[in-house]
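Working notes, structure below.
None of the figures in this text is laboratory data; all of them are computed from the coordinates on show. Because the structure is predicted, anything quoted here is derived from the model rather than measured. Neighbour counts run over all protein chains shown; Cβ positions are idealised from the backbone, glycine included.
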Amino acid sequence: MLAVAVLAAGKGTRMKSALPKVLQPLAGATLVERVLTSCEALHPERRILIVGHQAERVERELQGHSGLEYVLQQPQNGTGHAVQQLLDPLADFQGDLLVLNGDVPLLRPETLVSLLEQHRASGAAVTLLTARLADPTGYGRVFADATGAVSAIVEHRDCNDEQRRNTLTNAGIYCFNWQKLAAVLPQLTTDNDQGELYLTDTVAMLEPAMHREVADADEITGINDRLQLSQCEAVLQDRLRRHWMAEGVTFTDPASCTLSEASRFGRDVVVEPQCHFRGASSIGDGCRIGPGCLIEDSQLGEGVSVVYSVLRQARVAEGCAIGPFAQLRPGSEVGPQCHIGNFVEVKNSTLAAGVKVNHLSYIGDADLGAGVNVGAGTITANYDGVHKHRTVVGAGSKTGANSVLVAPIRLGDNVTVGAGSTLTRDVPAGALALGRARQLVKENWSGPAPTP
Ligand code: UD1
Ligand code: CA
């Protein structure tokens, strides 16, 4: 039997944030979500989150994760005090307890699998994860012999100069034999620089205590401040880009692009410099993105090109060309082979196949039929100051430059709208609609005589 406990009650004072530390985001997922994901492969029988600081907020953010148990730690008197809160809920539990610090987000699932395997094979009372860090400042130091047996963990602030030279670092990830841990937890004392109950002190009370060193020291990076947050973001971004390059995506300037965990890319996608993918976006085979794009929660079909543009909650079918300088806002549904050009904004609108909106337009709350050609500067006036209304334009219609379609309004198929028209009434199929002042020309007009 395996229970997992994630320590997520701390405030994260060093972050200087209104957000509890474990809710800080990294590449589109919070720290605590990442920690929870890292232990999924172990299929634990129980998953317990120890919450305290802003507990309701942490629980609310994790609503989508089913099967989590919450245990309240109030006040937060250290990592040992946090685990003491399990004595009651795990009173009848027999098996291993994996404890994960909620602020160690880069762990690979394989690392936890092998930690648990080693722990079970050796029969140790505790097996903890360690790494050799070039700069272990701030971390607990692990004192172990050549066989891997650990005698003690001493926190950085409690170390003397000589102890600080030890670079074997505590990751904050431990497999305990629960019953042996439960027997020593009540013996913890606050005899340390912070006056807290340290989980790390249990290690010296347990026999045998073993450690397992990870090969990639990045994995154990803990996040206490914004600098470490940015360092972890950099590691994650590097991992994500390497992953997608291995899957057939070209990045011409990888370091200038950022990806989110939930973004997906097809084969032969080319990502040019300064492109950012957020949320759950999917980019079809052969798309060319960038330079200079922000794509969030959007789906692109095959062979779409996007240049210097922003897409949010938009869907773009195959073969479209977007930009430069276009904005597709939520609810934009763009059919195949459409062209959306410079300084065009689209919102909550469907564009059927082959629609062209090439220059300087606002298309909001509209349905444009196949092959519609929207002239430069055409605006759908969708808002009367109180309500939003729809504009419907039939297939094959064309609007002249600088037209205003005042919604609600319907234009049938193959309608032509004269340039500069402001239309407030529906137009039947096949008609020419003009809504502008007739041009007046006064010949031989020299204007008033200049005043002397
Ligand atoms: C801890 C370890 C240190 C290790 C480091 C790895 C202890 C005493 N020290 O130090 O050896 O090298 O992690 O990153 O454990 N938390 C609670 N309740 C509390 C206090 C903390 O739930 O009362 C949670 C925090 O939310 C956090 C985690 O425990 O997710 C670690 O706490 P933190 O204060 O960051 O410990 P470190 O000083 O980093
Ligand atoms: Ca920490």
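Spatial offset of region 274-345 relative to region 384-452 amounts to 30 Å, using the alpha carbon center of each.
Looking at region 104-212 alone, DSSP beta bridges between its own residues are antiparallel in about 75 percent of cases.
Compute the acute angle (0 to 90°) between the alpha-carbon long axis of helix 226-246 and the principal axis of greatest extent of the alpha-carbon atoms of the chain; round to the nearest 10°. Approximately 70 degrees, to the nearest ten. Placing a label point 7 Å from the Cα of residue 134 along the Cα-to-Cβ direction, the residues of region 199-224 whose backbone N falls under 13 Å from that point are 217-218. Work from the charge dipole of region 71-188 (Cβ charges, +1 for Lys and Arg, -1 for Asp and Glu, about the Cα centre) and give the residue of 130, 97, 72 farthest towards its positive end. The Cα lying farthest towards the positive end belongs to 130. Since only 324, 298, 359 are under comparison, the one whose Cα sits farthest along the positive direction of the charge dipole of region 282-438, derived from C-beta charges on Lys, Arg, Asp and Glu, is 359. Projecting the Cα atoms of 151, 179, 169 onto the dipole axis of region 141-193, where Lys and Arg carry +1 and Asp and Glu carry -1 at the beta carbon, places 179 farthest toward the positive end. Distance from the Cα centroid of region 93-153 to that of region 191-226 is 8 Å (rounded to whole angstrom).
Between residue 192 and residue 149, the simple spin-label model (points 7 angstrom out along Cα→Cβ) gives 2.3 nm.
Arranged from fewest to most other beta-carbon atoms within 10 Å of their beta carbon, 70, 308 become 70, 308. With no solvent and one point per C-alpha, what does the Debye sum give as log10 I(q)/I(0) for the chain at q = 0.07, 0.14 Å⁻¹? Here the Debye-derived log intensity ratios amount to -0.52, -1.16. Here the chain is treated with +1 on each Lys and Arg Cβ and -1 on each Asp and Glu Cβ, and its dipole about the Cα centre works out to around 2040 debye. Working from label points 7 Å from Cα in the Cα-to-Cβ sense, the residue 245 to residue 443 distance is 7.3 nm. Stretched out straight at 0.36 nm per residue, the stretch from residue 120 to residue 56 would grow longer than its current Cα-Cα span by 19.5 nm. Among the lysines, which have Cα under 29 Å from the Cα of residue 347 when same-chain residues fewer than 8 positions away are ignored? Counting by Cα, and skipping residues close in sequence, residue 347 has these lysines nearby: 356, 388, 398. If a paramagnetic tag sat 7 Å from the Cα of residue 238 along the Cα-Cβ line, which residues of region 251-268 would have the backbone N under 14 Å from that point? Backbone N within reach: 254-256. Between residue 45 and residue 252, the FRET efficiency from the beta-carbon distance, with R0 = 45 Å, is close to 0.40. Normalised by the number of residues in the chain, the average gap of Cα pairs under 8 Å and 6 or more apart makes the relative contact order 8 percent.
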